[in-house]
Amino acid sequence: MSYWQGKNVFITGCTGFIGSWLTAALVQKKARVVGLVRDIPPKEVLDTFGWLDKITAVYGSVEDYFLVERILGEYRIDTCFHLSAQSQVGVANENPLPTFRANILGTWNVLEACRRAGSLKRIVVASSDKVYGEQDLLPYVETQSLNGVYPYDASKVCADVLARCYHRMYQLPIAVTRLANVYAGGDFNFKRIVPDTIRSLIFNKSPVIRSDGTYLRDYMYVTDAVRAYLMLAEALDSPRCHGEVFNFGPSRPIRVKELVERIIKISGKRSLKPKILDIVTGEIKAQHVSSKKAKEMLGWTSQVELSHGLSLTYRWYKDFFKKTGRR
């Protein structure tokens, strides 16, 4: 019998990229999933994951406190995964207010509703490696100061601190995740480097690098991220994980230009050279996390090597575009 069978799980951001994979995993594990859906999901999400008719979908947003409170009470929720966020860095830089409302107001709404419900046994709040900001020490470790100052980064700093505040002040069983960049099929945000590069190559276009190509990042395949969420939530049955923060990432950083070149090699289209625009502002040059704490306390390690994950992802999008005719 699955650990998750029969548990009442609430997921904010269930139609997002990572949220969709997590929702699908919990449906397969026979959890009773309630998902907060902000907008009618695009056809791609429904076709790809096919889970919407297997969960209780409630339409609304995390900015609506009374809706969140109703969900927790009406569906007797025992586990909450708070993944909902405005996650596009460029969008946050151009128009920060909606990002602050979704990421900060949305987070305190969820936490306050959990506090008032009094029945939550597991609360996992998604932060980001972006909260660390510029640091002299890499890889990031969980004890470092939170120096994120750009709009998206600052919004996640606030959400991160709020989560730990609600544990310290109200003893809620909360843990916080700070993930490296996550990639895989099913990510329809083509402003991100992996899906955008793959789409360009499939349609015989040179991929575009908006930075100067030297930005350093860690890339984690989505199934490793889903395992991280599930293992952490299960570990919250023990008080030793309450209030803790965990980094999750492969700890194998790579420069953006090298990442794109690796995808080009996988595609077999070596004649298509990347175009380097060097127009990025408001982003950190080098970021990657240490997952030592996750390994020691949870037994979690990254299992999918980058080249293998990129190959899986390339095949996923190739099949998707062929099947749908979408460009």
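The values are calculated or read from the model by the stated rules, or taken from the named source; none is laboratory data. If you're wondering where the values come from, they're calculated on a predicted model, not measured in any experiment. Heads up, the Cβs are rebuilt from the backbone with ideal geometry, glycines too, and the neighbour counts pull from every protein chain shown.
Things to note:
- Residues (in a strand (DSSP E or B), under 24 Å from ALA175 (Cβ atoms) and among the aromatic types (Phe, Trp, Tyr)) located in region 49-87: PHE81
- Within the option set VAL260, VAL226, being at pLDDT 95 or above, farther than 25 Å from PHE10 by Cα and either touching a Pro at 6+ places or on another chain (Cβ under 8 Å) or outside the structural domain of VAL194 (by TED's automatic domain parsing) (or both) holds for one residue only, VAL260.
Yes/no per residue for (1) in the same structural domain as LEU138 (by TED's automatic domain parsing); (2) free of Cβ contacts under 8 Å to residues at least 40 places away in the same chain:
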site	(1), (2)
HIS242	yes, no
ARG255	no, no
ARG270	no, yes
LEU277	no, no
LEU306	no, no
GLY309	no, no
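- Residue list for region 273-307, filter: surrounded by 13 or more Cβ atoms within 10 Å (Cβ to Cβ) and small (Gly, Ala, Ser): GLY282, ALA286, SER290, SER291, ALA294, SER302
- Taken over region 1-48, the criterion of being surrounded by fewer than 20 Cβ atoms within 10 Å (Cβ to Cβ), of a type in the set (Ser, Thr, Tyr) and in a helix (DSSP H, G or I) is satisfied by THR48 alone.
- LEU232, sole failed condition from (1) under 21 Å from the mean Cα position of the chain (by Cα); (2) closer than 28 Å to ALA92 by Cα: (2)
- Residue match in region 171-178 (condition: in the same structural domain as GLU134 (by TED's automatic domain parsing), in contact (Cβ under 8 Å) with a residue 60 or more places away in the chain, in contact with a Cys (Cβ under 7 Å, 6 or more places away or on another chain) and under 30 Å from VAL110 (Cα atoms)): yes
- Scanning region 147-160 turns up at least one residue that is over 27 Å from VAL33 (Cα atoms), surrounded by fewer than 17 Cβ atoms within 10 Å (Cβ to Cβ), of a type outside the set (S, T, N, Q) and at pLDDT below 95.
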